[in-house]
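A.B. asks: Starting off with a structure, shown below.
The values are calculated or read from the model by the stated rules, or taken from the named source; none is laboratory data. Given the structure is predicted, the values throughout are model-derived calculations rather than measurements. Cβ placement follows ideal geometry from the backbone for every residue including glycine, while neighbour counts extend to all protein chains displayed. Accessible surface areas use protein heavy atoms only, side chains included; no ligands, DNA or RNA. Shrake-Rupley method; radii C 1.70, N 1.55, O 1.52, S 1.80 Å.
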Amino acid sequence: MPRDRVVIVGAGVAGLVSAFALAARGLDVTVLERGARPGGKMRQIAIGAAQIDSGPTVFTMRWVFDELFAAAGKNFSDIVRLRPLHVLARHAWDARTRLDLFADEARSVDAIGRFAGPSEAARYRVFCRDTKRVYDILEQPFLRAAQPSMSRLIGAHGFRGLTQLPYIKPFSSMWSALGQYFHDPRLRQLFGRYATYCGSSPYLAPATLMLVAHVEREGVWSIEGGMHGLAAALADCAEGSGATIRYEQDVSEVLVCHGRARGVRLASGEHLEADAVIMNADVAAVANGLFGSDAGRAAAVIPPHARSLSAMTWSLVASTDGFPLSRHGVFFSRDYRAEFDDIFRRGRMPVEPTVYVCAQDRDDDAVGDGEERLLVLVNAPPNGDRHSYDAAEVEQCAQRTFGVLERCGLRIRRRGEATRVTTPTDFNRLFPATGGALYGRSSHGWTASFKRPGARTRIPGLYLTGGSTHPGPGVPMAALSGRAAAASLLADLSSTGWSRRTAMRGGMSTR
Ligand SMILES: Cc1cc2nc3c(=O)[nH]c(=O)nc-3n(C[C@H](O)[C@H](O)[C@H](O)COP(=O)(O)OP(=O)(O)OC[C@H]3O[C@@H](n4cnc5c(N)ncnc54)[C@H](O)[C@@H]3O)c2cc1C
């Protein structure tokens, strides 16, 4: 009996998760990846012998991977070595004003009490309770669902469904809701930053996104070998389960025949027949016809004004002094609203950015010796397809970014030959048709989360997965979408009985 054949376009985390899940179920899986390595945004940049994680660095929701590996009869922690971080992040406003958040809630309450007073600490406790409730309401009917649906969300909680809605606060902005919890503007700014994890502005995103604070409180881990190590482990496990991964393969078209996805065409001209195709490239690329006009019907175009954040990043090896870096550090701008107005309203790099620094050789407070590996990131407008960032603009942005760090006491001794910059233009080149937006559609307004496409498309046999689809961006969320795409495909396989032979009955276009 021939096995059902699935082609997966892209070896981002979602594509790899789909490949692993389907290969473990015995399907004939081929992953086609344009890059030379697995991971997509979970990429590393080499500077000399140092490999620098230059995409995601904050690993949360490990249960997603525990479940995934368990379903394939494996133990995640045997395969990927994780270390829990006690300090979630160190935040700074100037050279003297700092606040650590801890994995241990009681330590964070104490720290906030010392930082902003006992009333603020008490309000933080309420914030923790409420953000946990938002997460609990949404986990089953929304995060784990293959398609976003308001009626499922309400229905999942039975008669209580509608009464749960006010708790998730879809109609208030995150910024206004945070004002009810925190009277200290610095705390409002700190917790507002979680909107950016979904590529959004805290002034425009719904308060529902406060659940990210709960996710982070549940634990942040560092990964041996870096975040890219997770991608490599997923690729190994998918291959170990029988999947084939072919690198440096550029897919140019999803072949649709008699209304059904039947395979793909590569830029080299090669055709690959399949009974189903899972697309891990960005939804914007699909909707803009980069995989052909037939496949373009699978997703709605994301207009430029609805794009999520891009970034400008510096991957570097450098020595530092003046500030006790922890693994994750955030250095805040003095005018948060102006920062997001610059990005989303004026479409320009912020005059004064908030700066994230990942000190990758440190866990918690362990001090690096000599030079260390750093990723420095500021948010940027998703205009990489319309604006070219020349050397002068990049240097101006560097002055502003490293200037914020110096204002907070941190000196990083940049050496040109040990620094690689990635601009929105570069991100647009890596992820075409996005403008460099890294998180799909922004989560602005309460309907935005329902506009992300789910796994199934209107083209039978074509599934979407990745951080630009439901349930959203971030490594674990994209992994959930990869699992949802695999589950939807398997369910369709068993319910409609499509199989290799039925799929091939109409023959295949070989234009
Ligand atoms: C700078 C940065 C920082 C981030 N920080 C965090 C963080 O701290 N924590 C977190 O959880 N998340 C973070 N994220 C978000 C997270 O990285 C992403 O949401 C997630 O990795 C997206 O995975 P994905 O499955 O959508 O695939 P992607 O990573 O988008 O990969 C898609 C793959 O498809 C391939 N592809 C595209 N077109 C083709 C084609 N035509 N043919 C063949 N292959 C193709 C691409 O080469 C790519 O490998 C960050 C992202 C960036 C860029």
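A.B. asks: Taking only the stretch 372-428 into account, find how many residues are under 26 Å from the mean Cα position of the chain (by Cα) and of a type in the set (D, E, K, R).
C.D. replies: Going through the stretch 372-428 one residue at a time, the tally reaches 7.
A.B. asks: Same structure, new question: Can you list the helices (runs of 4 or more DSSP H) lying wholly within the stretch 9-91 that have 2 or more residues being open to solvent by less than 50 Å² (accessible area, probe 1.4 Å) and within 21 Å of ASP492 (Cβ to Cβ)?
C.D. replies: Once the helices (runs of 4 or more DSSP H) in the stretch 9-91 are filtered for at least 2 residues that are open to solvent by less than 50 Å² (accessible area, probe 1.4 Å) and within 21 Å of ASP492 (Cβ to Cβ), what remains is 13-24.
A.B. asks: Would you mind listing the helices (runs of 4 or more DSSP H) fully within the stretch 208-300 where at least 3 residues are of a type outside the set (Val, Ile, Thr) and over 19 Å from GLY454 (Cβ atoms)?
C.D. replies: 211-217, 227-240
A.B. asks: A further question follows. For PRO432, indicate whether it is open to solvent by less than 10 Å² (accessible area, probe 1.4 Å) and within 16 Å of the ligand (Cβ to nearest atom).
C.D. replies: no
A.B. asks: In the stretch 28-51, what residues are of a type in the set (A, V, I, L, M, F, W, C) and away from the ligand (no atom under 16 Å from the Cβ)?
C.D. replies: Listed by number, the residues that qualify are ALA46, ILE47, ALA49, ALA50.
A.B. asks: Name the pairs: first residue in the stretch 406-431 and at pLDDT below 95, second residue open to solvent by 30 Å² or more (accessible area, probe 1.4 Å) and within 12 Å of the ligand (Cβ to nearest atom), Cβ to Cβ under 9 Å, at least 6 apart or on different chains?
C.D. replies: Once the first residue is at pLDDT below 95 and sits in the stretch 406-431, no partner that is open to solvent by 30 Å² or more (accessible area, probe 1.4 Å) and within 12 Å of the ligand (Cβ to nearest atom) comes close enough.
A.B. asks: Would you mention how many residues in the stretch 363-397 are in a helix (DSSP H, G or I), open to solvent by 50 Å² or more (accessible area, probe 1.4 Å) and within 24 Å of ASP321 (Cα to Cα)?
C.D. replies: Summing the residues that are in a helix (DSSP H, G or I), open to solvent by 50 Å² or more (accessible area, probe 1.4 Å) and within 24 Å of ASP321 (Cα to Cα) in the stretch 363-397 gives 2.
A.B. asks: Also, quick follow-up: Is it fair to say ASN288 is crowded, with 24+ Cβ neighbours inside 10 Å and more than 30 Å from ALA49 (Cβ to Cβ)?
C.D. replies: no
A.B. asks: Looking only at the stretch 353-405, filter to residues that are in contact with a helix residue (DSSP H, G or I) (Cβ under 6 Å, 6 or more places away or on another chain) and more than 19 Å from GLY55 (Cα to Cα); which one of those is modelled with the lowest pLDDT?
C.D. replies: SER388
A.B. asks: What pairs can you find where one residue is in the stretch 477-488 and farther than 13 Å from VAL277 by Cα, the other is basic (Lys, Arg) and open to solvent by 10 Å² or more (accessible area, probe 1.4 Å), and their Cβ atoms are less than 8 Å apart, with a gap of 6+ or different chains?
C.D. replies: LEU480/ARG144; ALA484/ARG144
A.B. asks: Specify which of the listed residues (VAL256, VAL277, VAL283) is within 11 Å of the ligand (Cβ to nearest atom), touching a residue at least 12 places away in the same chain (Cβ under 8 Å) and either among the basic types (Lys, Arg) or under 23 Å from ALA487 (Cα atoms) (or both).
C.D. replies: Of the residues listed, the single one that is within 11 Å of the ligand (Cβ to nearest atom), touching a residue at least 12 places away in the same chain (Cβ under 8 Å) and either among the basic types (Lys, Arg) or under 23 Å from ALA487 (Cα atoms) (or both) is VAL283.
A.B. asks: If I filter the stretch 180-190 for residues that are among the basic types (Lys, Arg) and in contact with a strand residue (DSSP E or B) (Cβ under 9 Å, 6 or more places away or on another chain), do I get at least one hit?
C.D. replies: Yes, the stretch 180-190 contains a residue that is among the basic types (Lys, Arg) and in contact with a strand residue (DSSP E or B) (Cβ under 9 Å, 6 or more places away or on another chain).
A.B. asks: For residues in the stretch 450-484 being open to solvent by 30 Å² or more (accessible area, probe 1.4 Å) and more than 24 Å from ALA238 (Cβ to Cβ), which is nearest to the ligand (Cβ to nearest atom)?
C.D. replies: The selected residue is LYS451.
A.B. asks: Further question on the same structure: Can LEU190 be described as more than 13 Å from VAL134 (Cβ to Cβ) and either part of a helix (DSSP H, G or I) or touching a Gly at 6+ places or on another chain (Cβ under 9 Å) (or both)?
C.D. replies: It is true that LEU190 is more than 13 Å from VAL134 (Cβ to Cβ) and either part of a helix (DSSP H, G or I) or touching a Gly at 6+ places or on another chain (Cβ under 9 Å) (or both).
A.B. asks: Now, a different point. Where in the stretch 407-497 are there helices (runs of 4 or more DSSP H), lying wholly inside it, with at least 3 residues that are out of contact with any strand residue (DSSP E or B) (no Cβ under 7 Å at 6 or more places or on another chain) and under 28 Å from ARG373 (Cα atoms)?
C.D. replies: In the stretch 407-497, 424-430, 475-496 are the helices (runs of 4 or more DSSP H) which contain 3 or more residues that are out of contact with any strand residue (DSSP E or B) (no Cβ under 7 Å at 6 or more places or on another chain) and under 28 Å from ARG373 (Cα atoms).
To keep it simple, each residue is scored yes or no on (1) under 20 Å from ALA92 (Cα atoms); (2) not basic (Lys, Arg).
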residue: LEU165; (1), (2): no, yes
residue: ILE168; (1), (2): no, yes
residue: SER173; (1), (2): no, yes
residue: SER176; (1), (2): no, yes
residue: ASP184; (1), (2): yes, yes
residue: LEU187; (1), (2): yes, yes
residue: LEU190; (1), (2): yes, yes
residue: ARG193; (1), (2): yes, no
residue: TYR197; (1), (2): yes, yes
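A.B. asks: Among the candidates ARG5, ARG25, which residue alone is more than 6 Å from the ligand (Cβ to nearest atom), under 16 Å from ARG246 (Cβ atoms) and basic (Lys, Arg)?
C.D. replies: ARG5
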